[in-house]
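See below for the structure under consideration.
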Amino acid sequence: MTDQLERLFADLRSETMPRIVPPGVEAARGTVRRRRHRRTAVVTAGLAVLVAAGLGFGVPAHLTTSAPTPATLTNDERDALAAQAAERVGLTPDETLLGHSFGQAFHVTHQLVTGDYLVKMVCVGAQGHADVRVAGSVATLTCSATPAVVSVPLSVAEPDLVGRTDVLVDVRPDAVAEGRTAVAYLIEMGPGSQDRLRTAATDAIGTAGTAGEVSTLSDFIASSGGSGLTDATMGPGNYRLIAACVGAGYLTIAVGREEPGNPGFITEPVQTLGMSCSDGPLGTATPETVDFTMPKGTKATIVDTNTNLEARGQAGVAVRVVRR
Amino acid sequence: MHRDPPTFDEVYAAHFADLTVQLFAYFGDRQEAQDVVQEAFCRALARWRKVSRYDDPVGWIRRVAWNLAVSRWRRARTAIGFLRRQPTVEPWADGPEPDRVALIAALAGLPGNQRRALVLHYLADMPVTEVAHRCGVAEGTVKSWLHRGRAAMATQLNLTEPLGGER
């Protein structure tokens, strides 16, 4: 059996290795460079307004009357509550880094691209409260079995830049809630800010209607992390792809022939392109260009974009294909 | 004899893919594995002068990647997530062979310590003593994890050859 098991692991390794496309040392250097030169942008959160309005926030923990405190939950029970809390705010952590759900006190620092966001948060559990501090402002959530989702605006402001700013989210359940509840939050970029990134990427690849243009794509990278197009007019021939990404993270593009009998899927890419998304001053994103040739028999060409987790919900991408 | 520490580029080129496979086997999600390995390399790069002089820089990077991955609350869902998302995340590649899907699913069903021991032993090629050292437990404990893990895998995967031992 060990031989069989060894063989299975060896097959897993040999099959998986060729499929891994490392983002590269330059991407790593870019990430480290950005972290070393973080800008001190103005960060404001609209939590105070909503606290004053009482929208979904409970009474601060120290003002509540104490009830008999039940025993703390097991890890599995807290995980189950965390899953419920995640579902309530629409958090699918398989697809985004801009949110977390956890059954005890925790804090996370997000590097957010300049823009307007909405922070959705909830505390699931029998009783207690949890303080959620976002960019310095505190909201107190009331925990219950069926809590309403509290949404608060967050503005990461640096008008002339795409920029990256550290935003701390600090979650602290009170003594009653600790170990018996789970808090989830999700940070979503607003539509105006999404358009800003998408437009910046589109501007970077030049004006539409270029001679020989056969296909274009302009999109905001949503939490699912991908975008793409299938073009039945792109048959055999020589093409040039121009692409730009603005925001956070890393973008990979694959071009290939649509797999016969499997619409929307590529068998083997004929060309791939990778790039870091630009977070410099607006208007300075540099497009990347790559040439490719579609082989005989091509009936439709797919241009598929995929990003790493960092880019999801925080990047705009634009692609243009022209005939050579 | 003095030996120069390895450069970051050398270590990255030599170990990125291998580490990603190990994390993939443990967590069941290749994209996720790739992301946490990249993040671990970024953290290594930020302190490369120090990390490069460690006896085992790759071990440091592996540990950081592992810690990053297990700190994510969703770890229990990764195998399901992998199976669900595979066609949409990387549609330009062929799907994994059925045996590999079964292997990942069987691994996902194991307790974390058994899964980790199997991955380190079979994919990172670590002998029992090193797995024990990495996990901070006795060798006998690792042998027990490997034995139980192999037995469970044999049942899950319908392996027919007789039960063997660790290398």
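Here, each number is a calculation from the coordinates, and none is a lab measurement. Here the structure is a predicted model, which means the values were calculated and not measured. All Cβ positions, glycine included, derive from the backbone under ideal geometry; neighbour counts span all protein chains shown.
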Q. If you rank B:42, A:143, B:135, A:123 by fewest surrounding Cβ atoms within 10 Å, what's the result?
A. B:135, B:42, A:143, A:123
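What average count of beta carbons from other chains do you get within 10 Å of the Cβ of residues in B:12-20? Can you show the working numbers first?
Values: counts 5, 3, 0, 0, 7, 8, 4, 1, 6.
Per residue, the average neighbour count from other chains is 4.
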Q. So how far apart, in nm, are the two label points at residue A:74 and residue A:291 if each is 7 Å from Cα heading toward Cβ?
A. 6.4
Q) When N is the residue count of region B:109-167, what does its C-alpha Rg come to as a fraction of 2.2 N^0.38 Å? A) 1.05
Q: Determine, for A:20, A:221, B:104, A:242, the number of other Cβ atoms within 10 Å of each Cβ, and report the residues in order from fewest to most.
A: A:20, A:242, B:104, A:221
Q: Compute the separation of the alpha-carbon centres of region A:104-136 and region A:264-317 and state it in Å as a whole number.
A: 33
Q) Regarding region B:1-44, what whole-number volume in Å³ per residue does the convex hull of its Cα atoms give? A) 78
Q: Just rank A:155, A:101, A:223, fewest to most, by other beta-carbon atoms within 10 angstrom.
A: A:155, A:223, A:101
Q: Kindly list the residues of region B:4-37 that lie in the label zone of residue A:29, defined by a backbone N under 16 Å from the point 7 Å along the Cα-to-C-beta vector.
A: B:7-13
Q. Between residue A:92 and residue A:157, what FRET efficiency comes out of the Förster formula 1/(1 + (r/R0)^6) with R0 = 30 Å and r the beta carbon distance, rounded to 0.05?
A. 0.60
